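Throughout, read-outs are computed from the coordinates displayed, never taken from laboratory work. All of these numbers come straight from a predicted model, not from anything done at the bench. Virtual Cβ from ideal backbone geometry, glycine too; neighbours counted across all protein chains shown.
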Amino acid sequence: MINLVRFGVSIEADLLRGFDRFNRQKGFVNRSQGLRDVLRSLLDEDRVQDDSTASLGVLTLVYDHHKRDLEDRLTTIQHDHHHSIITTTHVHIDHDNCLEVILLRGRAGALRKIASDISSLKGIQHSKFQLTSAEHMCLRSRISSARRISRPASA
Ligand code: NI
């Protein structure tokens, strides 16, 4: 059972009006629900700042597939990091443009590096990377064991 705790908060009236507006837009039924959502997001953002945090990543890319060598380089990088990549979805948006969404699992620092290496490839028109902490999920042990398996047998 969830252990709920009540506490009092004093804030400026303007700030509270803004928070109430935010809650209405989000469809939250009360301030408690809105505050829990805001706190979870804030704590999650903070956790993934630590490079060692077990995390899930979503990398969204838009690019022109006619750009020389780009698809080859994208494929090579993804093969280099196949332990960290869960899946990749590719959509042909129109004659020229592609949307690719890459889902990743691993330590926050390693995923940031992979996302940065991919996003900085010449020809990528748009990229967005989102990280979510997986520390509280069973994925934490799977990420740890994946790291163990990836070590050379002689080590
Ligand atoms: Ni395509």
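A simple rule links phi to the HN-Hα coupling: the Karplus curve 6.51 cos²θ - 1.76 cosθ + 1.60 with θ = phi - 60°, which for segment 52-63 gives 8, 5, 4, 9, 10, x, 10, 10, 10, 10, 10, 8 Hz, with x for Gly and Pro. In straight-distance terms, cross-link reach from Lys67 covers every one of the aspartates and glutamates whose alpha-carbon lies under 14 Å from its own, apart from those fewer than eight places away in the same chain; here that gives Asp96. Among Thr75, Thr87, the ranking by other beta carbons within 10 Å of each residue's beta carbon, starting with the fewest, stands as Thr87, Thr75.
Once every DSSP H run of n ≥ 4 in the chain is given -39500 (n - 2.57) and the sum is divided by its residues, what mean residue ellipticity at 222 nm do you get, rounded to the nearest 500 deg cm²/dmol?
Details: 5 runs with 65 residues, N = 155.
The per-residue figure over the chain is -13500 deg cm²/dmol.
Starting from the Cα of Lys113, draw a straight line to each of the lysines and keep only those under 18 Å, dropping any in the same chain fewer than 8 residues away. By straight Cα distance, Lys113 reaches Lys122, Lys128.
Most mobile of Leu103, Leu39, Leu59 per a Gaussian network model of the chain (Cα springs, under 10 Å)? Largest GNM mean-square fluctuation: Leu39. The chymotrypsin sites (Phe, Trp or Tyr not before Pro) found in segment 1-110 that occupy coil by DSSP, while having at most 13 further C-beta atoms within 10 Å, are Phe7.
Scalar couplings 3J(HN,Hα) for segment 85-98, obtained by applying the Karplus form with A = 6.51, B = -1.76, C = 1.60 to θ = phi - 60°, are 9, 7, 6, 10, 10, 10, 10, 7, 6, 8, 4, 9, 9, 10 Hz; x denotes Gly and Pro. Taking θ as phi - 60° and the Karplus parameters 6.51, -1.76 and 1.60, the scalar couplings of segment 69-84 work out to 6, 4, 5, 4, 5, 4, 5, 4, 4, 5, 5, 4, 10, 4, 5, 9 Hz in sequence order, x denoting glycine and proline.
Not counting the cut sites, what is the longest span of the chain without trypsin sites (Lys or Arg not before Pro) that DSSP labels loop and that have at most 10 other Cβ atoms within 10 Å? By the stated rule (loop sites, at most 10 other Cβ atoms within 10 Å), 7-67.
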